[in-house]
Number of protein chains: 2
Amino acid sequence: MLGSDEIVNGSETIQIRSERRDAAENRQRILNAALKLFEQYGVEQVSMNQIANEAQVGSGTLYRRYRNKGELCLDLIKDNVDLLFSDIETYLVQNQSDSPSQRLKGILSLFIRLREKKAQLLTGVEGSSSTNPPRSIIESPVFNELHQLLVKLFDEMNATEQIHFNSVFRADMLLTALSRASYSFQRDERGYSPEMILEQLCALFSLNK
Amino acid sequence: MLGSDEIVNGSETIQIRSERRDAAENRQRILNAALKLFEQYGVEQVSMNQIANEAQVGSGTLYRRYRNKGELCLDLIKDNVDLLFSDIETYLVQNQSDSPSQRLKGILSLFIRLREKKAQLLTGVEGSSSTNPPRSIIESPVFNELHQLLVKLFDEMNATEQIHFNSVFRADMLLTALSRASYSFQRDERGYSPEMILEQLCALFSLNK
DNA sequence: AGTATAAGGGGAGAGCACTCCACTTGTCAA
DNA sequence: TTGACAAGTGGAGTGCTCTCCCCTTATACT
């Protein structure tokens, strides 16, 4: 057997080789190069070629690891994203006596904070590739995880209150409203602050109870 | 003077030459070629190069007339869009005694009908260029015009009812929800019919009065 | 140590959007 | 009719994303 790790999956045994040493080095070089270029020129302005050059790898190597700039961005903010979700978790535990809508608002607030902190990279995460259809945001991993949380809370709201809305649909809409296109349009063109956007959204989704 | 038409604009006189005959022919050939290719392969699958080839013009000529595929699509559904807005106008006149929210719903219904009829081309209108920032949908001409109508009706709702929402923000969100990404996600992934989407949106924006 | 094998590497190249600009041509006024 | 010139043309060229595929190499087992 060639594998170094084994995982038992149902009745089958699957080999998982750990990342080769040289591959790990390249990965780090790519990440460093990307970070450097992103900081210098801005995420949007940097091409995959530039990153490959700066990292001294062929573009094939770059694309082998990251199918597009979005995935690269995601890797760069992975720590922040993990932090977001652990923040959310502690928040939910500490405030479990609050109403569902209050907790929902809290989550939105935490997410918006990340949006603001890592605006460019998060934009990169969303605006991914060109060939695979530019589907909805909901299919991006970060948003997907968030979606489940939102649905749970909307369900709770439905149980608590008299009305009965479609939780999945509402979560979809809320996330769509928080997507780059929509959010940054409100920020830049409409001139709203993060707090104002949060309040408007709470009003729209009746989250003020 | 070289111009064939004149327009008085303030204190200045501006020349407007009518389109050259050969240019008009090319324009028609481009439109025909695009339509043919779009029908055969689908809007997304057809490149500007292909269109230029099929139309037997250089790509420079194509781009002189249409800065991107979105503008080309817009030209192809211009008649339908004009029809939409005249339909909306007659609808609003005939139903002016309805509540603002009812009329709003009527407009949404008409728009969704267009979405369904010209789904692909409308998608093309939105997903325009690559260099100019892929800003919000609201900046697309069709959506912009719709936006003004929505704001007016939301304002009316505010005047009629006790609550006071932000009309511009609500119109932004409503249009975002009707944008290609969001709408076609609901259609294709969530499996909702146009009618169901309409109902969900009405519930979310409390348009059921 | 030797070797088979899969993981990784790199670069040529396809195909794309879009620009630039030297050239051609239709149009109008004289 | 003719000439001036804006309008229009076309294709070479740039720089991009992303794929393909042949080659190299680290690794695990013998």
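Are any residues in region B:41-56 within 10 Å of DNA strand C (Cβ to nearest atom) and either touching a strand residue (DSSP E or B) at 6+ places or on another chain (Cβ under 6 Å) or under 22 Å from residue B:22 (Cα atoms) (or both), and if so, which ones?
Listed by number, the residues that qualify are B:48, B:49, B:50, B:51, B:52, B:53.
So residue B:120 fits all but one of (1) assigned to a helix (DSSP H, G or I); (2) open to solvent by less than 10 Å² (accessible area, probe 1.4 Å); (3) within 14 Å of chain A (Cβ to nearest Cβ); what number is the exception?
Against the list (1) assigned to a helix (DSSP H, G or I); (2) open to solvent by less than 10 Å² (accessible area, probe 1.4 Å); (3) within 14 Å of chain A (Cβ to nearest Cβ), residue B:120 comes up short only on (2).
Within the set of pairs 6+ apart or on separate chains, which have a first residue in region A:33-54 that is small (Gly, Ala, Ser), a second that is modelled with pLDDT under 95 and more than 14 Å from DNA strand C (Cβ to nearest atom), and C-beta atoms under 7 Å apart?
That search, which allows pairs on different chains as well, returns A:42/A:120.
State yes or no: is residue A:75 open to solvent by 10 Å² or more (accessible area, probe 1.4 Å) and closer than 21 Å to residue A:198 by Cα? It would help to see each step written out before you state the result.
Details: open to solvent by 10 Å² or more (accessible area, probe 1.4 Å): yes; closer than 21 Å to residue A:198 by Cα: no.
Answer is no for this residue.
Just for region B:43-67: of the residues that are away from DNA strand D (no atom under 12 Å from the Cβ) and open to solvent by 20 Å² or more (accessible area, probe 1.4 Å), which one is farthest from the chain's Cα centre (by Cα)?
Ranking the qualifying residues of region B:43-67, first place goes to B:54.
Out of region B:57-100, which residues are of a type in the set (D, E, K, R) and within 16 Å of DNA strand C (Cβ to nearest atom)? Let's see the steps before the verdict.
Initially, region B:57-100 is screened for residues of a type in the set (D, E, K, R), giving B:64-65, B:67, B:69, B:71, B:75, B:78-79, B:82, B:87, B:89, B:98.
B:64, B:65, B:67, B:69, B:71, B:75 - these are the residues of region B:57-100 that are of a type in the set (D, E, K, R) and within 16 Å of DNA strand C (Cβ to nearest atom).
Please verify whether region B:194-207 includes one or more residues that are crowded, with 17+ Cβ neighbours inside 10 Å, modelled with pLDDT of 95 or more and under 17 Å from residue B:152 (Cβ atoms).
Looking through region B:194-207, at least one residue is crowded, with 17+ Cβ neighbours inside 10 Å, modelled with pLDDT of 95 or more and under 17 Å from residue B:152 (Cβ atoms).
The values are calculated or read from the model by the stated rules, or taken from the named source; none is laboratory data. These numbers come from a predicted model, not from an experiment. Here Cβ is always computed from backbone atoms with ideal geometry, including for glycine, and neighbour counts include all displayed protein chains. To get the accessible areas, we keep the full protein, side chains included, count just its heavy atoms, and leave off ligands, DNA and RNA. Shrake-Rupley method; radii C 1.70, N 1.55, O 1.52, S 1.80 Å.
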